[in-house]
Amino acid sequence: MNTNEKIENLKNELEVKLKNVTCMKELTDLKVEYLGKKGYVTELSSLMKDLSVEEKKAFGKSLNELRNYVEEKISFLKEKLEEAELNMKLERESIDITLPATKLSVGITHPLTKIINDIEDLFISMGYDVVEGPEVENDLYNFELLNVPVGHPARDMQDSLFINEEILMRTQTSSVQVRTMLQNKEKSPIRIICPGKVYRKDDDDATHSHEFHQIEGLVVDKDVSMNHLKGTLEILAKKMFGENREIRFRPSYFPFTEPSVEVDVSCFKCNGEGCNICKGTGWIEVLGAGMVHPNVLKGCGYDPKKYMGYAFGVGVERIAMLKYEIPDIREFYTNDMRFLEQFNVIEGGDSNESK
Ligand code: DAH
């Protein structure tokens, strides 16, 4: 076999071998087999030394052509293999977008918390402090110092859960009024609100719960008048029920305030014309308030001749039930997602609200 025939042979063999290559590794091996230090092409060039000068020239050219031929063939197949591998990888990693997406449920602020947060923000903006008091309370703070001594008929109005003769579950956040005044040793002016849970010995039904929330307000200062109380509660009513709301005072009775009032807000649904919410009167009762009774001031160490004050107590559930037209108070505590999720829509999804 002369050298040209050998070269032709190598080319033909390469064609056959290339056809059998299935992966990169086999291709690299094949490259070494032909172009490596001990490969066929190198082996062939060792024949050079036995040739004449003329023959060397021609053989050298043929060898170069062979080398180029092998390299081209191999790199062509290399590209093909790489492309095939990439396609396989893409196929393997493709995302099936026909699968239904997992529904992400993000929590939202509970309607009662939302109302408490809103009222806190409002009063903080007016310079009030937010304070808290214990839910297990002393009779002294829940009744006695609020001008409700033992035997006082007003105790009957609040069905209390007593733990022993002196200790009970607080029936009203008004107890925090007493605590705040007693704790203030300098007897300086006070401006606080206190949100929290209160307890009554009630059978639960659509409008009663043995456990509910109140927000208490107390201002003690020199020269405080009923006018300040009215102005403050008007701002509160507007914040809760809309800018066009008006309020009115109706005389009432609470042992710890004198005078005492029930506060009505003009109906936010019918604007005073009369509807099912305001029961045709145009007004809705929303809270109790009044000027702090001198006996309460005195009992808590404030001189009623120098100091006066006003107080108010709001039922949070009542506000929420009116505002969102919720017919049953138990909805707030049973955590039915279908009920709670509605507030995401009503409040425009304030789920990220942090407090
Ligand atoms: N503590 C009263 C209640 O639970 C509500 C209340 C009325 C609070 C008048 C007050 C007030 O501070 O001045 O029914």
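Worth pointing out:
- Net charge in the neighbourhood of residue 146 (other residues with Cβ under 14 Å of its Cβ; Lys, Arg +1, Asp, Glu -1) is -1.
- The apolar share of the surface of the chain, taken as the fraction of accessible area on carbon and sulfur atoms (1.4 Å probe, ligands and nucleic acids excluded), comes to 52 percent.
- The stretch 271-342 - convex hull of alpha carbons, volume per residue in Å³: 157 Å³
- Cysteines in the chain lacking any other cysteine Cβ under 4.7 Å from their own Cβ: 23, 194, 300.
- Top of 83, 258, 132 by mean-square fluctuation, Gaussian network on the chain, Cα under 10 Å: 83
- Reduced Cα scattering model of the stretch 149-293, Debye log10 I(q)/I(0), q = 0.09, 0.10, 0.12, 0.13 Å⁻¹: -0.34, -0.42, -0.61, -0.72
- Cα-based Rg / Dmax (Å) for the stretch 225-355: 17.8, 55
- Taking the inverse of the mean 1/r over every pair of distinct Cα atoms in the stretch 194-273 gives a Kirkwood hydrodynamic radius of 15.0 Å.
- Where only DSSP H runs of four or more residues are counted, the chain gives -13000 deg cm²/dmol as its mean residue ellipticity at 222 nm, each run worth -39500 (n - 2.57).
- With respect to the chain, whose longest principal axis is taken over its alpha-carbon atoms, helix 53-93 is tilted by about 20°.
- Over the chain, relative contact order from alpha-carbon pairs under 8 Å, at least 6 apart, %: 15 percent
- The stretch 1-56 and the stretch 274-344 have Cα centres spaced 98 Å apart.
- Among 28, 173, 281, residue whose mean-square fluctuation peaks in a GNM of the chain (springs only between Cα atoms under 10 Å): 28
- Using a probe of 1.4 Å, the accessible surface attributed to residue 246 totals some 110 Å² when neighbouring protein chains are kept in position.
- GNM result for the chain, Cα springs below 10 Å: residue of 88, 126, 169 fluctuating most strongly: 88
- Among residues other than residue 40 with Cβ under 15 Å from its Cβ, the summed charge is -1 (Lys and Arg +1, Asp and Glu -1).
- Unit Cα scatterers, Debye sum, the chain: log10 I(q)/I(0) for q = 0.08, 0.10, 0.11 Å⁻¹: -0.53, -0.73, -0.83
- Helix 226-241 and the longest principal axis of the C-alpha atoms of the chain enclose an angle of approximately 30°.
- The stretch 3-92: C-alpha pair distances exceeding 20 Å, %: 42 percent
- Straight-distance crosslink candidates among lysines, where the alpha carbon sits under 28 Å from residue 197 and sequence neighbours closer than 8 are dropped: 114, 185, 187, 230, 238, 239, 298, 323, 355
- Rolling a 1.4 Å probe across the protein heavy atoms gives the chain an accessible surface of 58 Å² per residue.
- Charge tally in the Cβ shell below 12 Å around residue 17, where Lys, Arg are +1 and Asp, Glu are -1, residue 17 excluded: -1
- Over 22 Å apart at the Cα level, from the set 11/89; 17/37; 17/38; 25/89, are 11/89.
- Between 0 and 90°, nearest 10: helix 24-35 axis offset from the chain longest Cα axis: 30 degrees
The values are calculated or read from the model by the stated rules, or taken from the named source; none is laboratory data. The structure presented is a predicted model; accordingly, all values stated were derived computationally and were not measured. Cβ: placed from backbone, ideal geometry, glycine included. Neighbour counts: every protein chain shown. Surface accessibility is based on the protein's heavy atoms, side chains included, excluding ligands, DNA and RNA. Shrake-Rupley method; radii C 1.70, N 1.55, O 1.52, S 1.80 Å.
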